[in-house]
Amino acid sequence: LTPTPDQDVEFLVVVYDVGAESCPKDALIRHGGKEYAYILRGHLGIKIGFEDFELGPGDSIAFDAQMPHRLWTVGKEAAEAVWVVLNRHGDHRVRPA
């Protein structure tokens, strides 16, 4: 959603297909920055540290991305969310733009 590349912020609409997950259950991820999400449709599971959350349409969450975390779809419908990541760094899964 960001009109031009911005190294300080990622502003995205993300669709998580049925069965999608950010990483395996036993391998949480973490990186620098702060994340914010607003769920548009479907249900998204989020584990942050030792806490599990299930978010549905209209729910939102914010967390320090240095906390180990994991995302996955819940149920038989894709989930869609508006996602903002501020100051992502130290994430080796992302190639520099």
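Coordinate-derived values only; no laboratory data. Here the structure is a predicted model, which is why all the values come from computation and not from measurement. All Cβ positions, even for glycine, are placed from backbone atoms using ideal geometry, and neighbour counts span all protein chains on display.
Using only Cα atoms, what Kirkwood radius does the chain have, in angstroms?
After inverting the pairwise mean of 1/r, the radius is 13.7 Å.
At 7 Å along Cα-to-Cβ for each site, give me the label-to-label distance between residue 1 and residue 91 in nm.
Result for the modelled spin labels: 1.5 nm.
Which residue, 65, 27, 37, tops the fluctuation ranking in a GNM of the chain built on C-alpha contacts under 10 Å?
The residue with the greatest mean-square fluctuation here is 27.
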